[in-house]
Each structure stands twice: as C-alpha cells, then as structure tokens.
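Input: a single structure, listed below in structure tokens.
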Amino acid sequence: MNKHERLLCGHRTFAPIAVFVLVVTLLASAVASASTYTVVDLATLAQGSTAVVRGPNGGGAAVGGGRIAGVRRGLLFTSVGLQPVSGLNGADYTTVFGINDVGSLVGGSNTAGAVRAFLTVRAGGTRELPPLAGDTGSTAYALNNLGEAVGFSSGPAGEHAVLWATDGKVSTLPGASGRLSRALALNERGDVVGAMDSGTGLRAILWQRGRAAQDLGTLPGHTTSAAAGVNARGDIVGYSANASGMRRATLWPSGGGIRDLGTLPNGDFSQAYGNNESGHIVGMSTSPSGNRAVLWTPAAGLQDLNDLIGTPPSFVLTLAVGINTAGMIVAIGHDADDHAGGTGHEAHDSHELPLRVFLLLPSGPRP
C-alpha cells in the first residue's frame, strides 16, 4: 500500500461474532464433499475502488477499507453483512488492517494532523495508539489475542517498526531506529515479522521477544525480501525478489532455512500473504489466465484455489489474503465475465472493476 494513502471513516459497529460462527458451521456441515471449499460471498465493493482486505480471524471475519456509496470507509466483513468502522473521532478516512479472535480491530485513521493508529475493542470503544515521541504519524497492521499490536511510527526521521503493549505504550523494535522499517504481523508468543531497509534494499525481518532483529535473507540470486505472516510455531511467509523485482512466494520455516514456493504453471510472479498452524499458505500467482489466488500445502504444493471450489463458478479468485487455524480462507476476485488485465502484479485488485470479497470454508478432503 502506498505510504501516502489517505484514510477515511464510517460509523463504528460490531457484528455478532457468535452468530457468524454458527452460520459458518451450518454452511460447512451442509455442503457435500465434492469440492474442497464452499464459498460465502461477503461483499462487492464499488467499481474503481482500491480496496484493502485482511483476515480472517478465528471466527471467519475479515476487515479492510474501501469505497461504499461514494465514501471511503473502514470495513468489517461477516456473513451477516458488511459494516463500516469509524476509527478515531474526527477522522475523515479509516482503513482496518487487523482483527483478532475476540473481534478487536487495529488500523489507521486520517486525523487533522496525520494518520494515526487506533485500537477498537468490542467492550471499550476506540483509542489512539500513539506514535513514538517526536513522530507525527502511525499505523497499526496487526494484533494478537493478547492485545499487543504492531505497525510503524513515522516522523522526520522516517518510518520505524514499533510494538504497542497491551497498555498502549509504544516502543521501537530492535534495530529499527534510524531505519526504514514496518512490522506487519505477529503471533501470541511475540514473534513479529516485517521488513527493513538494509541500505541495499528491503529485507524480511524477524523480531523475537527480547532478541535482536534477525535478517531472514533471500532466495539464491535475489536481492530483496519481505515477511507478511507468521504462524503460532514461528513459520514465516512472504516474498523474495530478484533485481528486476520479480517475486517468489517464500517460506522461512521455524527450524531455519528458506523455501521457494514456486508459481502456477507458466507463471512468473508469486507472493505469500498468510499461513496457519497446519503449514497451509495462501497468496497469489500469475498464470497465462491472469492473477490467481493460490493455496500451498506440504502434501500438494501450490494449487489454484479456483480449481478447489467446485464448477462452474461465476467469478475468479485473484488473491487469497489469509487463512485461519480452521482452514477458512479470505480471498478477493471479480466476476468471471470481466477481464482483470491478467499480468498485473498488484498486491490488491486496483483495476476498474467491482471487487468481490469471499470466505472459503473447508467442505471436503483437505488438499
């Protein structure tokens, strides 16, 4: 996402998560095992809307930001409806980037002075997550079930990866001071991942609680990398890229090493966005037919999610943004009759088409 993107808000409200989990359970149990996933249509966002979509949490809810009725809003996606999220009071633009299993949200709101990070909890309203002393802006990208959040703080010295403790106190992550860096994900044991400018390019970074920052490295022959997700056991996913900027979906296993997850046949670009405790990884890959949402598993390797949802669907899944412990996947796409400019490498669908958001529920044999 462009770091200069402005943020706009809507009315804050919360979905009944328990009802949503019940709906998901009933839907999953009612589907025959002919396909691996059944699909719940969560929302369609306006044509020409550059959207952000993140999730799912443990109950299958997703979050993000997009244009509704001509206004850019923070969003909460559930099977009981699409709901706006306001963020901070007085803000004119909000994007939600993270949701935990109890329904707390984090993101960024454009205030009178700058974009500021916020935390919204179900029982206690919304409060600001402050930037570092001397900085003017901040954005939170993820939070764990303990209530810790990560993101970045920005000011005259640039952007620095930070962690907000459960009491809201902000601290710079080790090695991030004076370096362009962002923290993008974390797990319950406090492993934080993201990216930092090494001086010669962006590098994937692991911050473990109480330890120095660890450069995760790149695939052989590559020059840059970034980490986007980390599961409970410490497996990390993201991308590694060559000097031309061509990316490969990448896994850094908790035991060490690095693995190229490849592309779909005849694809030249891929990226991983999330992983779960079963070692399942989701993201996107190019293909001769355009961008496709993908699933990688230890048993089956890289697969096009469009091949796992039954036939014939009326839509195309172009990117899978996350997967939870139960195997639910949040993916975005567009109507099958539309043509999305197939060889683009954007992290979000930014073409002039209505953007569709889906929840995929495991319904048959696991791939």
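Please treat every number below as a calculation from the coordinates, not as lab data. Computed from a predicted model, the values in this text were never measured in an experiment. All Cβ positions, even for glycine, are placed from backbone atoms using ideal geometry, and neighbour counts span all protein chains on display.
A few comments on the model shown:
- Here the simple spin-label model places points 7 Å from the Cα toward Cβ, and for A300 and S278 these points are separated by 1.0 nm.
- Here the calculated FRET efficiency for V121 and D268, from their Cβ-Cβ distance with R0 = 45 Å, stands at 0.55, rounded to the nearest 0.05.
- Rounded to the nearest whole angstrom, the semi-axes of the ellipsoid equivalent to the range 103-253, taken from the Cα gyration tensor as √(5λ), stand at 26, 18, 13, largest first.
- Per residue, the convex hull volume that the Cα atoms of the range 196-270 enclose (Å³): 92
- Per-peptide packing, taken as the mean over residues of other Cβ atoms within 10 Å, places 157-167, 183-193 in the sequence 183-193, 157-167 from highest down.
- Inter-label distance for V102 and A336, nm, one decimal - labels placed 7 Å from Cα along Cα-to-Cβ: 4.3
- Cα gyration tensor, the range 205-314 - rounded (a/c under 1.5), prolate or oblate: oblate
- Distance from the C-alpha centroid of the range 105-165 to that of the range 199-275: 25 Å, rounded to the whole angstrom.
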